[in-house]
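K.L.:
Pasting a structure below so you can have a look.
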Amino acid sequence: MTNLNPIYNSEELLARAKKVIPNGVYGHQNVAMMNPGVPQFFQKAEGCRLWDVTGKEYIDYLCGYGTNMLGYNYPLVEEAVNQQRKDCDCMTGPSPKMVELAELLVNTVTHCDWAFFAKNGTDATTICVTTARAATRKKKVLAAKVAYHGADPWCTPIPAGVTPEDRAHMIYYKYNDIASFDKAVEQAGDDLAGVIVSAFKHDVFMDQEIPTREFAQHVRKVCDDTGAAMILDEVRAGFRVSLDVSWAKFVGVQPDLSAWCKAIANGHPISFVLGCEKFKTAASQIYSTGSYWFAASPMAAAITTIKEIQRLNLPVMLEKNGMMLRQGLDELAGKYGYELKQTGPAAIPMLLFNKDAIRKKGNFFCTEMLKNGVYFHPWHNMFLSAAHTEDVIVQTLQAADESFAAMQKAGV
C-alpha cells in the first residue's frame with residue numbers, strides 16, 4: 001500500500017467542521033458512534049481504495065455507503081460524465097439522456113413500464129408512497145418496524161423534529177412475519193394504500209434477513225387482493241444481487257413500484273422510481289421535482305454503469321468474491337476461537353460477533369482492521385465492488401488474520 005502525503009490533521013479538521021457544520025459531519029456518515037480514530041475525512045479514492053486526509057490508505061468495504069459498485073473513478077463512467085458535461089448538464093429541461101435511461105430501465109427491469117428520476121433514496125421511496133396514495137385514494141402505508149427507508153419525517157429513524165401527525169397513517173409489521181403483517185393489514189382496514197418492503201432486512205446492529213418466499217408471496221397476494229401498491233425499496237440492494245429487482249432472485253416476486261439509488265450511477269447523484277403500467281397515471285399526477293433532478297451527466301453515468309453491470313454480470317462476480325471473503329473470515333475466526341455471525345447477501349455483507357451485545361469485539365476487530373489498512377464497519381452492512389478482486393480479498397484476509405491475533409493477545 002502507498003500512503004499519500006497528509007493534507008490535514010484529521011482532528012483539527014473535524015474541530016473546524018464542528019464550528020460551521022452541525023455535528024461536523026451529519027447523517028449516517030458521521031462516525032461519532034464508532035471507536036475513536038475511525039477516519040472521517042478522505043482526500044482520494046480509486047478502485048476499492050481510500051486515502052484519508054492524513055495520507056493513510058485503506059481497502060474500503062463501505063464503498064461510499066454503497067454508492068460505488070464498479071470501483072471509484074471507474075474510467076468508462078467518468079469518460080461518459082466528462083463527455084456529457086462538455087455538451088450540457090443541468091439545463092432548463094432534460095437532455096435526451098433521460099429518455100435513453102428510461103428506455104434502458106424499461107428493457108432491464110421486469111416490472112418496469114416507466115421511470116421517474118430524482119436524486120436521493122429518500123426522494124425515491126417518498127415518491128413511491130405518494131404515488132401509491134394518489135393511485136388508490138387511500139392513506140395507510142405499511143412498513144417494517146425499524147426499517148430504514150430514508151430521512152423524511154414519515155420514515156427517518158431519528159425522532160427530533162418529527163410530529164405524530166407526520167406518521168399518522170403509517171402502520172408497522174415485523175419483517176418476514178406473516179401474522180404480524182396480517183395484523184397490520186387488519187388495522188388498515190379498507191384504507192390500505194400500499195406496503196413498503198426492504199429488499200432484505202438490513203437494520204443496523206442486528207443480523208440481516210433474506211425475505212422468505214412465503215412472506216413475499218403473501219405480501220404480493222394481499223396487495224393484489226386489496227389493490228394496494230407493493231413497493232420494493234431497492235436503494236441499498238439495487239443491481240448488486242440481481243440484474244432485475246432483488247426479490248426476483250430471492251423469492252421470485254415482482255413489485256408494483258420500486259425505489260433505486262446508491263450504486264446505479266457509480267457514485268454520481270441520481271435515483272429513480274420504477275413502476276408498472278397500473279400506477280403510471282398516478283405518477284403523472286403527483287408533484288415531485290427538484291432543480292437538479294434533470295441533470296444530464298448523472299444520467300450518462302447511470303446508462304454506462306448499468307451497461308457495465310450487465311456486461312460483467314456483476315451480481316455473480318460480487319456474490320462469488322463475497323463468499324470467498326465470508327468463508328475466509330469464518331475460518332480465521334475459528335482459528336482464534338471466535339464465532340462470527342455473517343448474514344445478508346454475500347455482496348452486501350454484515351459482520352457481527354456472537355455473544356457481543358455491547359459490540360466490544362466488533363469495535364476492537366474493526367479498529368485493528370483499520371490499523372492494518374482495511375475499512376470494515378462494526379455494525380452497519382458493508383458492500384463489495386467490482387474492484388474487490390480475489391487478490392484484494394486475499395489481502396483483506398491477511399489483515400484479518402493479524403487483527404484476530406491482536407484480539408486474542410488482548411483477551412477481547
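Coordinate-derived values only; no laboratory data. Just so you know, these numbers come straight off a predicted model, no measurement behind them. We place every Cβ from the backbone using ideal geometry, glycine too, and count neighbours over all the protein chains shown.
K.L.:
Evaluate the relative contact order of the stretch 346-412 (contact order divided by residue number), counting alpha-carbon pairs under 8 angstrom at least 6 apart; express in whole percent.
P.N.:
On the way: 55 pairs, mean separation 26.3, N = 67.
Computed value for the stretch 346-412: 39 percent relative contact order.
K.L.:
I would also like to ask the following. Please state the relative contact order of the chain as a whole percent: Cα pairs under 8 Å, 6+ residues apart? Walk me through the numbers on the way to the answer.
P.N.:
On the way: 784 pairs, mean separation 87.0, N = 412.
Relative contact order comes out at 21 percent.
K.L.:
Now for a separate question. Enumerate the lysines that Lys97 could reach by cross-link, defined here as Cα to Cα under 27 Å, with residues fewer than 8 away along the same chain left out.
P.N.:
Correct list for Lys97: Lys86, Lys119, Lys262, Lys278, Lys280, Lys307.
K.L.:
Averaging over all projection directions, find the projected area of the Cα convex hull of the stretch 18-130 and quote it in nm² with one decimal place.
P.N.:
10.9 nm²
K.L.:
Any idea what the relative contact order of the stretch 75-312 is, in percent, if you count C-alpha pairs under 8 Å spaced at least 6 apart?
P.N.:
On the way: 448 pairs, mean separation 75.9, N = 238.
Once normalised by length, the contact order is 32 percent.
K.L.:
Amide H neighbours of Val374 under 5 Å, at least 5 residues apart or on other chains, H built in the peptide plane: list them.
P.N.:
Here Ile59 satisfy the definition.
K.L.:
While we're looking at this one, here's another question. If you project the alpha carbons of the stretch 312-410 onto the principal axes, what extent comes out on each, in Å, largest first?
P.N.:
43, 24, 20
K.L.:
What is the packing order of peptides 340-346, 30-36, 66-72, taking the mean over residues of other C-beta atoms within 10 Å and listing the highest first? Before the final figure, lay out each step's value.
P.N.:
Details: 340-346: 20.0, 30-36: 13.3, 66-72: 22.9.
Descending mean neighbour count gives 66-72, 340-346, 30-36.
K.L.:
Report, to the nearest 10°, how far helix 296-312 tilts away from the longest principal axis of the Cα atoms in the chain, using its own Cα long axis and a range of 0 to 90°.
P.N.:
Long axis of 296-312 versus the principal axis of the chain: about 70 degrees.
K.L.:
How far, in degrees from 0 to 90, does helix 75-87 lean away from the longest principal axis of the Cα atoms of the chain, to the nearest 10?
P.N.:
Long axis of 75-87 versus the principal axis of the chain: about 60 degrees.
K.L.:
Here's something else I'd like to know. Quick one: check the C-alpha center-to-center distance for the stretch 282-336 versus the stretch 170-241, whole angstrom.
P.N.:
22 Å
K.L.:
Here's something else I'd like to know. With a cap of 15 neighbouring Cβ atoms within 10 Å, and only residues DSSP puts in a loop, list the chymotrypsin sites (Phe, Trp or Tyr not before Pro) found in the stretch 174-264. Display every interim value, and only then the final one.
P.N.:
Details: sites: Tyr175, Phe181, Phe200, Phe205, Phe215, Phe239, Trp247, Phe250, Trp260; in loops: Tyr175, Phe200, Phe205, Phe239.
Taking the stretch 174-264 and a limit of 15 other Cβ atoms within 10 Å, the loop chymotrypsin sites (Phe, Trp or Tyr not before Pro) found are Phe205.
K.L.:
Label-point separation (nm) for Gln398 and Tyr292, each offset 7 Å from Cα along Cα-to-Cβ?
P.N.:
With each label point 7 Å from Cα toward Cβ, the separation is 4.0 nm.
K.L.:
Relative to the Cα centre, what is the charge dipole magnitude of the chain, using +1 at the beta carbon of each Lys and Arg, -1 at the beta carbon of each Asp and Glu, and rounding to the nearest 20 debye?
P.N.:
Numbers: 41 positive and 44 negative charges, 118 e Å.
Its charge dipole is roughly 560 debye.
K.L.:
Hey, what number do you get for the chain at 222 nm if only DSSP H runs of n ≥ 4 count, each worth -39500 (n - 2.57), divided across all residues, to the nearest 500? Please report the intermediate quantities before stating the final value.
P.N.:
Values: 13 runs with 164 residues, N = 412.
After summing the helix terms and dividing by residue count, I get -12500 deg cm²/dmol.
K.L.:
Tell me the Kirkwood hydrodynamic radius of the stretch 28-90 in angstroms, computed as one over the mean inverse distance between distinct C-alpha pairs. Can you show the working numbers first?
P.N.:
On the way: mean 1/r = 0.0742 Å⁻¹.
Evaluated over the stretch 28-90, this radius sits at 13.5 Å.
K.L.:
Read phi for every residue in the stretch 59-66 and hand back ³J(HN,Hα) as whole Hz from Karplus 6.51 cos²θ - 1.76 cosθ + 1.60, θ = phi - 60°, with x for Gly and Pro.
P.N.:
6, 9, 9, 9, 6, x, 6, x
K.L.:
Starting from the eigenvalues of the Cα gyration tensor, five times each then square-rooted, give me the equivalent ellipsoid semi-axes of the stretch 75-312, largest first, whole Å.
P.N.:
Details: eigenvalues 181, 72, 56 Å².
Output for the stretch 75-312: semi-axes of 30, 19, 17 Å.
K.L.:
How much length, in nm to one decimal, is gained on full extension between Lys221 and Thr110, taken as 0.36 nm per residue of separation minus their Cα-Cα distance? Display every interim value, and only then the final one.
P.N.:
Numbers: separation 111, 0.36 × 111 = 39.96 nm, distance 1.82 nm.
Taking Lys221 through Thr110 to full extension adds about 38.1 nm, to one decimal.
K.L.:
Please list, short to long, the whole-number percent of alpha-carbon pairs of the stretch 205-251 in consecutive 5 angstrom bins beginning at zero.
P.N.:
Calculated P(r), rounded to whole percents: 5, 19, 24, 25, 18, 7, 2, 0.
K.L.:
Taking the Cα centre of the stretch 75-312 as the origin, how large is its charge dipole in debye, to the nearest 20, when only Lys and Arg (+1) and Asp and Glu (-1) carry charge on their Cβ atoms?
P.N.:
Working: 25 positive and 28 negative charges, 8 e Å.
For this selection, approximately 40 debye.
K.L.:
Quick one: if you stick a label point 7 Å off each Cα along the C-beta vector at Lys139 and Glu165, how many nm between them?
P.N.:
Those two pseudo-labels are separated by 1.2 nm.
K.L.:
Oh, and also: Angle between the Cα long axis of helix 97-108 and the longest principal axis of the chain, 0 to 90 degrees, nearest 10?
P.N.:
90 degrees
K.L.:
So if I take the centroid of the Cα atoms in the stretch 337-412 and the same for the stretch 81-140, what is the distance between those two points in Å?
P.N.:
The stretch 337-412 and the stretch 81-140 have Cα centres separated by 36 Å.
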